[in-house]
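This report concerns only the one structure given below.
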Amino acid sequence: MAQFQHMNDTKVDSPIVTVTGSTVNLKVIPGAKEALPTITASPVTVAKVMNVKPHVRADFSTFELLAVAKGSATLVATDATKKNVTGPIDITVEDPVSLPSDATDEGLLARLFIAEVPSPEDKRYNLADAKTSMIWMRVVVENRLKKPDVKWASAGAKSLQDVIRAPVQFEGFPSYPTLIKRIRDLIADTISIANNGNDTRRAEYKAFVDAALEVAAMKSVTDPSPKGLFWWMTSGMGTPGNDAEVFMRKLGNTFFSPK
């Protein structure tokens, strides 16, 4: 019996989850003594098969599965009599993820979270800790706005942007909405992976970006510290000062409360 495979020779499981505008590279291996099958996706308004390339001597065909629009579709391979030889494989096409306008608090917070929380590439990463870290980061910047003070570099702050643009506080953000190249590239790469149906990391990165968007859009967040969270520092960067004490560490960031 024929089989759909990824380009690394692993079996394609149902469903294939991809993103509008993205292309997934696949191949189909015919069964013993079977001819190379015909590959189709339907409806073509949701997904279509493109650039089918038969490799007769190697006995397989490669092709591209293009996600056309959000929705559900199926992928099948048929023989000359139109009989299914493998499939159907369900296809789910999602809308691409995008960040809110950088002029909004949600857009600012989402970018800050993606820049400051270790991504799925980090060996310590797990989604639950990433989301908790994002919540605590939002607590920190909101606390700094509620209680402006030179101790946490928010004296005179009137907005979240004032807090986050404070000098020597959040790398890459002092001139927000202009970001330094490293942070700008990091955010762009994260969104690109989350929207790339051909990238095996897509699902994890999409969940990471979705968490950033969710926390940024929350109506409120709960401060986990009785004394309040007012700082976080990347591991190995020391402490904010003698008046700070460690609250907890998450994914390489240490959160601090006043003593």
The set of residues whose placed amide H lies less than 5 Å from the amide H of Ser61, leaving out same-chain residues fewer than 5 positions away, is Val28, His55
Result: in region 157-227 the number of Lys pairs with C-alpha under 23 Å apart, spaced 8 or more or on different chains, is 5
Once normalised by the length of the chain, the mean sequence separation of its alpha carbon contacts under 8 Å that are 6 or more apart gives a contact order in percent of 17 percent
Computed for region 1-155: size of charge dipole around the Cα centre, +1 on C-beta of each Lys and Arg, -1 on C-beta of each Asp and Glu, debye to nearest 20, value 120 debye
GNM on the chain, Cα springs under 10 Å; top mean-square fluctuation among Thr92, Thr222, Thr18 goes to Thr222
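Per residue, how much accessible area does the chain show when a 1.4 Å probe rolls over the protein heavy atoms, in square angstrom? Spell out each step's value before the answer.
Working: 13310 Å² over 259 residues.
For the chain, the solvent-accessible area averages 51 Å² per residue.
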Of Asp149, Asp199, Asp162, the most mobile residue in a GNM of the chain (C-alpha springs, cutoff 10 Å) is Asp149
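Kirkwood Rh and Cα-based Rg: tell me the resulting Rg over Rh for the chain, rounded to two decimals.
Using Cα coordinates only, the ratio equals 1.15.
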Around Thr190 (Cβ within 14 Å, Cβ-to-Cβ, excluding Thr190; K/R +1, D/E -1) the net charge comes to -2
Scalar couplings 3J(HN,Hα) for region 83-96 by Karplus 6.51 cos²θ - 1.76 cosθ + 1.60 (θ = phi - 60°), nearest whole Hz, x for Gly and Pro, are 7, 5, 10, 6, x, x, 9, 5, 10, 10, 9, 9, 5, x
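Evaluate the charge dipole of the chain about its Cα centre and quote only its size in Debye, nearest 20, assuming +1 on the Cβ of each Lys and Arg and -1 on the Cβ of each Asp and Glu.
Working: 31 positive and 29 negative charges, 29 e Å.
Computed charge dipole of the chain: roughly 140 debye.
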So the carbon and sulfur contribution to the accessible area of region 16-168, 1.4 Å probe, in percent, is 53 percent
For region 158-229, the dipole about the Cα centre with charges only on Cβ (Lys and Arg +1, Asp and Glu -1), to the nearest 20 debye, works out at 180 debye
Of the residues Ser101, Leu145, Gly156, the Cα lying farthest along the dipole of region 90-205 towards its positive end, which is defined by charges on the beta carbon of Lys, Arg, Asp and Glu, belongs to Gly156
Given Cβ charges of +1 for Lys and Arg and -1 for Asp and Glu, the option among Pro177, Gly241, Leu229 whose Cα lies farthest towards the positive end of the dipole of region 177-253 is Pro177
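The values are calculated or read from the model by the stated rules, or taken from the named source; none is laboratory data. Bear in mind the structure is a predicted one, so any value in this text is a computation, not a measurement. Neighbour counts run over all protein chains shown; Cβ positions are idealised from the backbone, glycine included. What goes into the accessible areas is simple: the full protein's heavy atoms, side chains included, and nothing from ligands, DNA or RNA. Shrake-Rupley method; radii C 1.70, N 1.55, O 1.52, S 1.80 Å.
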